[in-house]
Amino acid sequence: MNLMKKSSWYFAVLFIFIISACKNESSDPTPMITNNPQGNATRILPIGASRVEGFRPAYESYRYELWKLFIDNDNNVDLIGSLKDEFSYPTYKNLSFDTDHEGRGGATSGQILEAVTNTIDGIIEQSGMPEFVLFSTPGGNDGLENLPFDQAVKNVNAIIDLLQAKIPNVTIILEKAAPPNSNSEERIKSFLDNMNAEVTRIAMEQSNESSKVILVDMNTGFTDSLLADPVHYNEAGAKFIAQRYYDLLKDKLN
């Protein structure tokens, strides 16, 4: 008889414990929320090569740090593109990173032109017309691969022509690119210096009444300490680039 009473007591306690555990598990006070911009979100299309794409943990894209600035400041922004970042990023303020982009590691200006030509209609159809395009390190891989400078300039202009034809009211933010490591070959540094001088002219000539091309200076103040390798950003470098973009964008966002 005592054994039966003890058994009944034991199962009653076990039952209460299980019910209590299930209850606690289902009432998580901070569930993770997928980033979901509202319908009137400002659409931003980041284009470029590996500095846009990133390759965690070896080196960083600026996009994650820029997205966090949007979250911090309650900006309703939708990052768009035909590609999704497959790398792992921590949630931030209980939100998951908006991974859409148009960055292709290793792509030259000609390859970026070809890719954007092939994808821009689909991007617009799926996500709507972007209000802003962030054009990263124009001609950067052309310089690394020792391709002709004049052709890189033509390709950069052609990319802008294409974007303005497809998205008449777009604002294109064109980088005066961050430098490679100071120990890089002189020809690489010279190519980038020449392109940074050229983009000033491109921005002036390509701006029109409905579509502005605006320079953002990523070069001034950027040092070797912000690089993970000869050309790519570490976390501090990604934050530097993101902040420069945000300082330019902040008064233009919803």
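The table below gives the values:
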| item | result |
| --- | --- |
| Estimated inter-spin distance, residue 181 and residue 214, nm [label 7 Å along Cα→Cβ] | 3.4 |
| Packing rank of 157-165, 173-181, 136-144, where each peptide gets the mean count of other beta carbons within 10 Å, highest leading | 136-144, 173-181, 157-165 |
| Square roots of 5 times each gyration tensor eigenvalue, C-alpha, segment 43-252, largest first, Å | 23, 22, 16 |
| Linear extension gain, residue 56 paired with residue 88, 0.36 nm per residue minus alpha-carbon span | 10.8 nm |
| 10 Å binning of all Cα-Cα separations within segment 140-209, expressed as whole percents from 0 upward | 18, 48, 26, 7, 0 |
| Residue 74/residue 243 FRET efficiency (R0 25 Å; Cβ-Cβ; nearest 0.05) | 0.90 |
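All of the numbers you see were taken from the coordinates with simple rules; none came from a lab. Note that the coordinates shown come from a computational prediction; the quantities given were computed from them, not determined experimentally. Don't worry about glycine lacking a Cβ; one is built from the backbone with ideal geometry, like all the others, and counts go over all protein chains shown.
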